[in-house]
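The values are calculated or read from the model by the stated rules, or taken from the named source; none is laboratory data. All values derive from a computational prediction rather than experimental measurement. All Cβ positions, even for glycine, are placed from backbone atoms using ideal geometry, and neighbour counts span all protein chains on display. When the accessible area is computed, the model is the full protein with side chains, heavy atoms only, and any ligands, DNA or RNA have been set aside. Shrake-Rupley method; radii C 1.70, N 1.55, O 1.52, S 1.80 Å.
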Amino acid sequence: MTPRSANEAEPALIHCRLDELLSERGMTLTQLAEQVGVSLVNLSVLKNDRAKAIRYSTLAAICDALECDVGDLLVRA
């Protein structure tokens with residue numbers, strides 16, 4: 001296995017199902033951002049599987065807003 005360069009992205013080991021959950025609930029990313037108090041940009045990063053970390057408080061707030069469990073939102077890729 002060759003080492004990755006600094007510009008090369010690591011494969012996502014966790015997939016965020018935010019898009020699917022929003023669609024199922026008829027909610028937009030903007031609505032979720034307002035309800036949770038997280039920026040639209042940060043939620044977009046999470047939705048597109050580019051997040052490196054997430055605070056537990058943010059994760060809990062998203063799950064509360066979407067009425068789901070963490071395992072519904074984040075799955076192993």
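Among the residues in the range 12-34, are any surrounded by 15 or more Cβ atoms within 10 Å (Cβ to Cβ) and among the β-branched types (Val, Ile, Thr)? No, the range 12-34 contains no residue that is surrounded by 15 or more Cβ atoms within 10 Å (Cβ to Cβ) and among the β-branched types (Val, Ile, Thr).
Scanning the range 54-77 for residues that are outside any helix (DSSP H, G or I) and either open to solvent by 90 Å² or more (accessible area, probe 1.4 Å) or not aliphatic (A, V, I, L, M) (or both) yields 55, 67, 68, 69, 76, 77.
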